[in-house]
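Beneath this line is the structure, given in structure tokens, with notes to follow.
The values are calculated or read from the model by the stated rules, or taken from the named source; none is laboratory data. For clarity, every value in this text was computed on a predicted model and none was experimentally measured. Note: ideal-geometry Cβ built from the backbone for every residue, glycine included; neighbour counts use all protein chains shown.
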Amino acid sequence: MNIREFPPTPVELFNVPLVHMGDFNPKYEGVYTPAAELGRPKIGVSEILLSGAEEYFSRFEQFSHIYSILKNAIDKFDTPLSGLAVDLGSGFGNTVIPLLSAHPDLRVLATDISPDLLAICRREAIKRGLGDRCTVAAFNAERDYLKPGIADAVFGCAILHHLIDPMALVRKSLDLLKPGGRAVFLEPFESGNAILRIAYAMIHGEAQRRAEDGPAFQFLRGIARDVEVRTHRFDPAPDFKWHQMDDKWMFTRSFFERAIKEAGAAEVIIEPIQAPEDLFTRQTRVVLESYGNIPASELPEWAWSIVRRFDEEFFSNEQKRDMPIEAMVTIIK
Ligand SMILES: C[S@@+](CC[C@H](N)C(=O)[O-])C[C@H]1O[C@@H](n2cnc3c(N)ncnc32)[C@H](O)[C@@H]1O
């Protein structure tokens, strides 16, 4: 076992011995991991996040966009962000890089199950002269390796919905925080996605009546099925279990209210990420074009008019704010 000094040394932050992965494979230079994690299978994590990390980085780098969302929460902190932030499920650093850039008195412990993504995160931090304030450690966030009370802030952008037991990580995040610290999560919410599912079911029914089909219809059917499985959390197929899925959960306000009650935290603030005006229409375009690589024009006008009814007819903008597709959740300890 080899524990190396690397500024800032992560050893003091963990309650277990660490191993430097770069000693076994140079591509993991600077990436630490708890010794207990070595050789453990990474179930429920897509291969694109491991061996396909560089491609994933080139497709999904969104440093400035993600920070423009997080900034709304950070601007409401009582004091400027400084000290240590623990970032959970950091990937290649969509939150970590802009946090370090915008907050010169902040150190970040970036964590993820994928050492490949963390190696990219570290490289991007060093490239920008931020490497001395960034430590990366690879481990499964469902396991408890970090010491309590170490963090001034905790960030988790799109990590909770990947976990089997996200409530345990919310509790752990509050445990990591110093009193008065804040945990900020960005996560998908059930209510807005349930509306999308209803819209896509209506489109499916109408497409059957018209005897129309094609990649756009098939993709929306897949999205509706995904929402269904994540809402009820059942095994999607006899040979494919729910816990093997990459995206596993969608959240409700009650989930986070229960979390703060159980943990004795002071407050939870839930703010929708997307603007309400054309919420469902815009998200359908994103779903088709970004996730499905399918031009929005593949979906006929009659189908778009069904989606638009949810934006223009069935709900007010005020109600849409109460049923986010994705939301930023700030918990104050
Ligand atoms: C949707 S990505 C978000 C990454 C980054 N926060 C961002 O905003 O781009 C989810 C990340 O969670 C990581 N992840 C999934 N399951 C995990 C687990 N059990 N423990 C730690 N990280 C996990 C994945 O490797 C991936 O990097």
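Numbers for the structure displayed
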{"item": "Ile260 under 25 Å from the mean Cα position of the chain (by Cα), hydrophobic (A, V, I, L, M, F, W, C), surrounded by 14 or more Cβ atoms within 10 Å (Cβ to Cβ) and outside any helix (DSSP H, G or I)", "result": "no"}
{"item": "Scope segment 96-112; condition crowded, with 24+ Cβ neighbours inside 10 Å and closer than 18 Å to Leu13 by Cβ; matching residues", "result": "Val96, Leu99, Leu100, Val108, Leu109, Ala110, Thr111, Asp112"}
{"item": "Close pairs (6 angstrom Cβ cut-off, 6 or more residues apart or separate chains): more than 21 Å from Ile48 (Cα to Cα) in segment 223-250, at pLDDT below 95 and in a helix (DSSP H, G or I) anywhere", "result": "Arg233/Trp242; Asp235/Trp242"}
{"item": "Long-range neighbours under 6 Å by Cβ, at least six apart or interchain, first residue over 24 Å from Val268 (Cα atoms) within segment 305-333, second assigned to a loop (DSSP other than H, G, I, E, B) and of a type in the set (D, E, K, R)", "result": "Asp311/Asp278"}
{"item": "Near pairs, Cβ below 6 angstrom, 6+ apart or cross-chain, from segment 86-109 (on the phi < 0 side of the Ramachandran plot and of a type in the set (D, E, K, R)) to any residue that is part of a strand (DSSP E or B) and away from the ligand (no atom under 15 Å from the Cβ)", "result": "Arg107/Leu84"}
{"item": "Options Phe280, Phe234: the member that is part of a helix (DSSP H, G or I), of a type in the set (A, V, I, L, M, F, W, C) and under 29 Å from Glu206 (Cα atoms)", "result": "Phe280"}
{"item": "Any hit, segment 213-226, residues being crowded, with 20+ Cβ neighbours inside 10 Å and either acidic (Asp, Glu) or over 15 Å from Thr284 (Cα atoms) (or both)", "result": "no"}
{"item": "Some residue of segment 273-283 being acidic (Asp, Glu), closer than 21 Å to Arg197 by Cα and without any contact (Cβ under 8 Å) to a residue 40 or more places away in the chain", "result": "yes"}
{"item": "Selected residue (criterion: farthest from Thr330 (Cα to Cα)) from residues of segment 153-200 that are outside any helix (DSSP H, G or I) and either free of Cβ contacts under 8 Å to residues at least 12 places away in the same chain or aromatic (Phe, Trp, Tyr) (or both)", "result": "Phe189"}
{"item": "Residue in segment 93-103 that is under 15 Å from the mean Cα position of the chain (by Cα) and more than 7 Å from the ligand (Cβ to nearest atom) present", "result": "yes"}
{"item": "Residues within segment 29-84 that are away from the ligand (no atom under 12 Å from the Cβ), free of Cβ contacts under 8 Å to residues at least 12 places away in the same chain, closer than 20 Å to Ile159 by Cβ and not hydroxyl-bearing (Ser, Thr, Tyr), tallied", "result": "0"}
{"item": "Residues of segment 263-284 satisfying the condition of being of a type outside the set (Val, Ile, Thr) and more than 18 Å from the chain's Cα centre (by Cα)", "result": "Ala263, Gly264, Ala265, Ala266, Glu267, Ala275, Pro276, Glu277, Asp278, Leu279, Phe280, Arg282"}
